[in-house]
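Notes follow once the structure below has been shown.
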Amino acid sequence: MSQVARTLTDAFDGFLAKHRFLICDRDTKFTAQFRRILDDAGVRVIRTPKLAPNCNAFAERFVCSIKSECLNRMMLFGDAGLRRAVTEYLAHYNIERPHQGIGNAVIEAPGEIGTGAVERTERLGGILKSYRRAA
């Protein structure tokens, strides 16, 4: 986990290089040394409260989604492929997919609903798909 912390806070391409906070649960893998390395890099570790299983629900849901909808369907070779897959999935997850919390609407939907043919957009070679009507 010490190596993971150093990788996360790498100044050039670390995921947490431009972030100030990391929220994590109280799992034993997040040791004092792990937290110290992040703290030295300027990332404050915020631990979820004890005996509060719902505090981690959104993160658990996202991890389940990305694994089942994307990563379990791919063979990744190296860090660059994983980063590309996660970046593409994040764009799909946050922009293109319907969200139940807003009545199954798409977050960045066009102003007017078109009447043309249905168009399909693919990401990651067709693993992720979204559909919209042409204007």
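The values are calculated or read from the model by the stated rules, or taken from the named source; none is laboratory data. Not measured: the values here are computed from a predicted model. Heads up, the Cβs are rebuilt from the backbone with ideal geometry, glycines too, and the neighbour counts pull from every protein chain shown.
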| remark: Selection from region 1-58 of residues within 22 Å of Thr87 (Cβ to Cβ) and aromatic (Phe, Trp, Tyr) yields Phe12, Phe15, Phe21, Phe58
| said: Just checking: which of the helices (runs of 4 or more DSSP H) contained wholly in region 1-94 hold 1 or more residues that are under 28 Å from Arg123 (Cα atoms)? | reply: 2-8, 57-69, 79-91
| field | Matching residues in region 1-29 - criterion: being surrounded by 13 or more Cβ atoms within 10 Å (Cβ to Cβ) and at pLDDT below 80 | value | Gly14, Phe15, Ala17
| query | Among the residues of region 95-104 satisfying the criterion of being in contact (Cβ under 8 Å) with a residue 12 or more places away in the chain and assigned to a helix (DSSP H, G or I), which is surrounded by the most Cβ atoms within 10 Å (Cβ to Cβ)? | reply | Glu96
